[in-house]
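First the structure, in the form of structure tokens, and then the observations on it.
The values are calculated or read from the model by the stated rules, or taken from the named source; none is laboratory data. Everything numeric here is computed off the predicted structure, so don't read it as measured data. FYI the Cβ positions are ideal-geometry reconstructions off the backbone, even for glycines, and counts take in every protein chain you see.
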Amino acid sequence: MKKDMYSFFDMNREQEMKKESPLALRMRPGDLSEFVGQEDIVAPGKLLYRAIKADKLTSLIFFGPPGTGKTTLAKIIANTSKSYFEQLNAVTSGVGDIRRVVEEAKNRKGMYGQRTILFIDEIHRFNKAQQDAMLPYVEDGTVILIGATTENPYYEVNDALISRSTIFRLNPLKAEDIRKLVERCLTDENKGLGSYNIVITEEAMAHIVNIANGDARAALNAVELAALTTERGSDGKIHIDLKTAEDCIQKRAVNYEKKGENHYDTISAFIKSMRGSDPDAVLHYLAKMLYAGEDPKFIARRIMICASEDVGNADPIAIIVATAAANAVHMIGMPEAQIILSQAALYVACAPKSNSAVVGIGKAMQDVENKRTGAVPLHLRNDAFKGARDWGYGVEYKYPHDYEGNFVEQQYLPDEIKDAQYYFPSDNGYESKIKDPKLKNRRTK
């Protein structure tokens, strides 16, 4: 009787706590029929949909930006599976927690034949030792692992765990998905805000959908904040207009972590846009990085590299501009540094392109590493010591400035690779002048 009484109070307390939970948590769907978005992996007939419906799960890793449904899918699995569901958060858990879960899973499987699903949120925050501690028990089936991460698991999760898991990538929700979720929460009287009698203008709805940027949690948090802080009108309704929406979701949620996949994707796109001579794309990716709080010095370094690697001697001024910009960024700082970065990036983007420098040094490095390249020719060796001339050091060297045009033919490479050629100037920009044989400043073939 006493146990039943405690169970009754515990159940009521849990229900009350759920009512007080954030809207985004309350609105989590209980099964796949309520799930919105990610049709490419959970639409009827898709692999994950079939596995959840049949309760035939193997280890999974859900990877995607915040607010796209990773934890929600794990909760749906918990609600629908006959397996015991255990949840850990990698931020607050350690090896001891893993061992406890594994021990209980072994007992559960041995005594009742029940499988255990272990859901680890933010699994990328587990270090190598913590991930290794799970591996034997994932491999022998003691636990079925479900990991959720905003980071690319191929970077952050051990290869051994990756090889034993199926990776599902979740994408930012589409605008129509976000709108559907907001509309659902405004009409749902049980889990949502349906009892609040809320009226939202189309402009306010469009703003929330747009600024949420594919993050369902951001959209629902904004709606909840608007509902809780807006007084009822004379008609007894809560009116959410554009001004209220702007106050409640002031800054677009940008999926960008300085050590995450999106960081590398964005800087990669930035560099490739400079290389591809698309100034508009360059400004877009530059703005995205700056808006997300990327270190401007990091951006400046990438511009310098691109100025040498992709512009090179087609426009030798590019590296000067990029280096000057990096120094200026260091001295001035944000927000004015964004102008300097913009100028340098645009210069590099619009400059003529040549990768002759990077190709040339690459070929030369390969020869040094893989070939017998021989010794420095005698006539080029240092003769600034007593007896050097007796050994032939510097004896036959021809000083170029003693000859017409400050140029004279002589061998500079070692005998073993005397015909090697590494630098092939392009036809672009200033490098076309370097290539001009009339300048007589290099051997031509």
Review point. Is there a residue in the range 400-413 that is at pLDDT 85 or above, among the aliphatic types (A, V, I, L, M) and in contact with a Gly (Cβ under 9 Å, 6 or more places away or on another chain)?
Key: yes
Review point. Which residues, taken from the range 369-389, are surrounded by 15 or more Cβ atoms within 10 Å (Cβ to Cβ) and not aliphatic (A, V, I, L, M)?
Key: T373, P377, H379, R381, D383
Exercise for review: For the range 110-119, indicate whether the set of residues that are within 29 Å of T68 (Cβ to Cβ) and of a type in the set (S, T, Y) is non-empty.
Suggested key: yes
Exercise for review: Among the residues of the range 53-90, write down those that are crowded, with 22+ Cβ neighbours inside 10 Å and in a helix (DSSP H, G or I).
Suggested key: K70, T72, L73, I77
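Condition (residue is basic (K, R), at pLDDT 90 or above, under 20 Å from N262 (Cα atoms) and surrounded by 15 or more Cβ atoms within 10 Å (Cβ to Cβ)) applied to the range 347-358: is it met by at least one residue?
For the range 347-358, residues basic (K, R), at pLDDT 90 or above, under 20 Å from N262 (Cα atoms) and surrounded by 15 or more Cβ atoms within 10 Å (Cβ to Cβ): absent.
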Practice item. Kindly provide the set of residues from the range 223-241 that are within 39 Å of the chain's Cα centre (by Cα), among the charged types (D, E, K, R) and assigned to a loop (DSSP other than H, G, I, E, B), ordered by number. Key: D241
Review point. Given Q366, Q338, which one is surrounded by 16 or more Cβ atoms within 10 Å (Cβ to Cβ) and either of a type in the set (A, V, I, L, M) or in a helix (DSSP H, G or I) (or both)?
Key: Q338
Check your understanding: Can you find a residue in the range 174-181 that is within 22 Å of D265 (Cβ to Cβ), within 26 Å of the chain's Cα centre (by Cα) and assigned to a loop (DSSP other than H, G, I, E, B)?
Key -> yes
Review point. Are any of the residues in the range 154-162 surrounded by 19 or more Cβ atoms within 10 Å (Cβ to Cβ), touching a helix residue (DSSP H, G or I) at 6+ places or on another chain (Cβ under 7 Å) and at pLDDT 90 or above?
Key: no
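Can you find even one residue in the range 300-315 that is over 30 Å from A420 (Cα atoms), free of Cβ contacts under 8 Å to residues at least 40 places away in the same chain and not small (G, A, S)?
yes
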